[in-house]
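Input: a single structure, listed below in structure tokens.
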Amino acid sequence: MRRTLTCLLLILALPVSAQIYKYTDANGNTVFTNQPPEGTKAESVELKPINTSTSAEAPTTTSSEPRLSELPQNPYQILELRDLPSEEALRANNGTFSVGVTIEPRLGPGHSLRLLLDGKPYGQPSNVPRLQLTEVDRGEHSIAVAVMQGERIVQQSETRTFTVQRVGTHSPGRGN
């Protein structure tokens, strides 16, 4: 459609294009015109062909997001959790702590981050690379972060194992 319209406009413009003349007026200014002036010597100007280009075809999809089949298998080169202890237990007396997410490149449009605690979705999806956990029971847990598109997992980090240490009211080291 665009190509036909462009050709039609060019065909209509051909008869309109006229010869260009150049002359110097009484004040010494160079003047270009499509009609030669009377009584003044004007020279004909040969114009080089104009540059033309074709417009890029618009994508036929109605959505601005890429199709799922067009997404790379692992669109993120780095996706990992940070701020978890590797050797000792995590001290969280009320079971509340946060973890960081390192992700490269940045989180894409339509994607969100969601924690997987002990293999189950935890909390709400977020686009912030710092995620909070609350009231996590003491003991050993596994955690990972997933990049989500809606309810579908696009990519998941390596699962890490950690231990939560909570001081209870009946702990031997705690005074009564």
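Kindly indicate which of Y122, Y76 is part of a strand (DSSP E or B), hydroxyl-bearing (S, T, Y) and at pLDDT 90 or above.
Testing whether each residue is part of a strand (DSSP E or B), hydroxyl-bearing (S, T, Y) and at pLDDT 90 or above leaves just Y122.
Need the failing condition index for G110 against (1) part of a loop (DSSP other than H, G, I, E, B); (2) closer than 14 Å to R160 by Cα; (3) at pLDDT 90 or above, just the number.
(2)
So which residues in region 128-161 are of a type in the set (S, T, N, Q) and under 26 Å from P85 (Cβ atoms)?
Within region 128-161, Q132, T134, S142, Q155, Q156, S157, T159, T161 meet the criteria.
The values are calculated or read from the model by the stated rules, or taken from the named source; none is laboratory data. Not measured: the values here are computed from a predicted model. As a convention, Cβ positions derive from the backbone with ideal geometry for all residues, glycine included, and neighbour counts pool all protein chains shown.
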